Amino acid sequence: VSPDLFDAFAQKAIEKLDTFSSLSIENTVWAYAEAGHSSPELFDAISHKVKNIDTFNAQSIANTVWAYAKIGHASSPELLDALAKIAVEKIETFDSEDIAKTKWAYEELERSTPELFDALSQKEAELFDALSHKAMEKLDTFSSQGIVS
């Protein structure tokens with residue numbers, strides 16, 4: 001994909017950023033990260049202009065911080081701290097993928113967020129316990145291959 005296209009889109013996105021939903025923000029930063037196209041101006045603008053951060057769901061939080069980490073954009077501490085705070089508030093809605101992406105992103109960005117890591121670890125343990133319980137309920141239905149796999 002053309003870097004010029006990404007740069008032109010970034011300029012238009014910055015102009016219209018006040019109208020972006022959390023999903024639009026998530027999808028935009030995810031696309032840039034997946035394409036490996038760094039756009040510090042866009043990522044900085046998102047960090048400073050996002051007003052609807054409380055509307056981010058677990059997947060939006062995870063994908064957004066993942067994109068910032070993948071692209072290596074660590075110069076947005078206000079956004080990262082705000083997303084960490086919202087993540088703690090919404091921790092019960094996180095699934096295992098959201099947990100893994102969020103943990104990886106904050107570690108990759110070297111952001112110290114003890115409250116977030118405690119909440120993520122506790123939720124991760126809850127999910128593991130629930131999975132273990134389900135497996136125990138179905139243990140009698142496992143074949144020998146199922147048991148060793």
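Straight-line cross-link reach from Lys103 at under 16 Å between alpha-carbon atoms covers these lysines, not counting any fewer than eight positions away in the same chain: Lys70, Lys85, Lys90, Lys123.
Placing a pseudo-label 7 Å from each Cα along the Cα-to-Cβ vector at Ser143 and Asn27 gives an inter-label distance of 4.2 nm.
Compactness of the range 67-111 is given as radius of gyration and Dmax, 10.3, 28 Å, from Cα positions. With R₀ set to 35 Å, the beta-carbon distance separating His133 from Glu110 gives a calculated FRET efficiency near 0.50.
Over the range 1-146, Cα pairs under 8 Å with separation of 6+ residues give a relative contact order of 22 percent. In a reduced charge model with +1 at each Lys and Arg Cβ and -1 at each Asp and Glu Cβ, the range 17-149 shows a dipole moment near 200 debye about its Cα centre. Here, the range 89-149 is characterised by an Rg to Rh ratio of 1.15, where Rg is the alpha-carbon radius of gyration and Rh the Kirkwood radius. For the pair Glu124 and Asp7 in one chain, pulling the backbone fully straight at 0.36 nm per residue adds 38.3 nm over the alpha carbon distance. Evaluated on the chain, the Kirkwood hydrodynamic radius is 16.7 Å, with distances taken between all distinct Cα atoms. Summing -39500 (n - 2.57) over the DSSP H runs of n ≥ 4 in the chain and dividing by its residue number, what mean residue ellipticity at 222 nm do you reach, to the nearest 500 deg cm²/dmol? Only helices count here, giving -23000 deg cm²/dmol.
Between Ala135, Ala125, Ala62, the Gaussian network model of the chain with springs among Cα atoms under 10 angstrom shows the greatest mean-square fluctuation at Ala135.
The numbers here are math on the coordinates, done by the rules we state, and not lab data. This one's a predicted model, so the numbers in the text were calculated from it and none came from an experiment. No Cβ is skipped: glycine too gets one built from the backbone with ideal geometry, and neighbour counts run over all protein chains shown.
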